Amino acid sequence: MPSDSGSECGKYWVEWFTCSEGNEYFCDVDEEYILDRFNLTNLQTEVHYYRDAMDLITDQVNERPMSNEAREQVELSAKHLYGLIHARYIITMRGLAKMVDKYKRGDFGKCPRVFCNNNPLLPVGLTDVPNQKMVKLYCSRCEDIYNPKSRRHSMIDGAYFGTSFPHMLFQTYPSLKPAQTEQRYVPRIFGFKLHAAAELHRWQDEQRELQKKRLGIASNGGGNNN
């Protein structure tokens, strides 16, 4: 069993995992949920060393001799299995409640956009398929997504949170969803807004030049000598 001599978080595997540096986005999944086979449907085919990984997560003593290489693979499988279970757990009522507590504490960080006024973020996946996209952070005020600030968080698989989680949370706890901000940054030169017509004319000029190049016509209006 993993241990952490400097912390009380090493008593059980789930506690050790959620307390480890870089895993702050995860909540602790109830053991009853993990032990319910219905909640693990189809995960056996997704995880190598599934049985050994389950024994490790649930702190079952495995007396079978194992090489160091195999042990490392089991530990990796246990982390992957826990992530997949976690994605399912956090859209249950119990899981949502735990993630709400983390959201209120700002465990996932604050939106970097100035006009969102430090609105707390929520982790979200861009796909529910593992090993495809890393986790992103969703802001419910500007409804945009951002990369985690920390490299250790940016390496977390987005499938461990899934594409539905933050939206499910606000459907369940609508009072937590802030009003969308109407503030937008307005570009100015010496205090004056950039004229929309001027930008349109500049865009039209650029398109005209591009069209000339495509037709092989010189900028001075001459014909194509080829």
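Quick one: pull the percent of accessible area on the chain belonging to carbon and sulfur, 1.4 Å probe, ligands and nucleic acids left out.
Using a 1.4 Å probe with all protein chains present, the chain comes out at 50 percent carbon and sulfur.
P(r) for the chain: what percent of alpha-carbon pairs falls in each 5 Å bin, starting at zero?
Distribution as computed: 1, 6, 11, 14, 14, 11, 8, 7, 6, 5, 4, 4, 4, 3, 2, 1, 0, 0 percent.
Where the only charges are on Cβ atoms (+1 Lys, Arg; -1 Asp, Glu), what is the dipole of the range 113-214 about its Cα centre, to the nearest 20 debye?
That gives the range 113-214 a dipole magnitude of about 360 debye.
By how many nm would the segment from ASP144 to ARG51 lengthen if fully extended, with 0.36 nm per residue of separation less the alpha-carbon distance?
29.6 nm
Could you give the Stokes-Einstein D for the range 9-94 in µm² per second, using the C-alpha Kirkwood radius, 10 °C, 1.306 mPa s?
Value of D from the Cα-based Kirkwood radius: 119 µm²/s.
Provide LYS98, LYS104, LYS79 ordered by accessible surface of protein heavy atoms (probe 1.4 Å), highest first.
Descending order: LYS104, LYS79, LYS98.
Using a 1.4 angstrom probe, figure out how much accessible area the chain has per residue, in square angstrom, rounded to the nearest whole.
Result: 65 Å² of accessible area for each residue.
Kindly flag which residue pairs out of LYS79/LYS133; LYS11/LYS136; LYS110/LYS136; LYS79/LYS110 have an alpha-carbon separation exceeding 19 Å in this structure.
Result: LYS11/LYS136; LYS79/LYS110 exceed 19 Å.
Report relative contact order for the chain in percent, whole number only (criteria: Cα-Cα under 8 Å, sequence separation at least 6).
13 percent
So how do 121-129, 68-76 stack up, highest first, on mean other-Cβ count within 10 Å?
121-129, 68-76
The values are calculated or read from the model by the stated rules, or taken from the named source; none is laboratory data. Worth saying up front: this structure is predicted, and the values here are computed from it rather than measured. Quick reminder, even Gly has a Cβ in these numbers, built from the backbone with ideal geometry, and neighbours come from all protein chains shown. Protein only, heavy atoms only, side chains kept; ligands, DNA and RNA dropped before computing areas. Shrake-Rupley method; radii C 1.70, N 1.55, O 1.52, S 1.80 Å.
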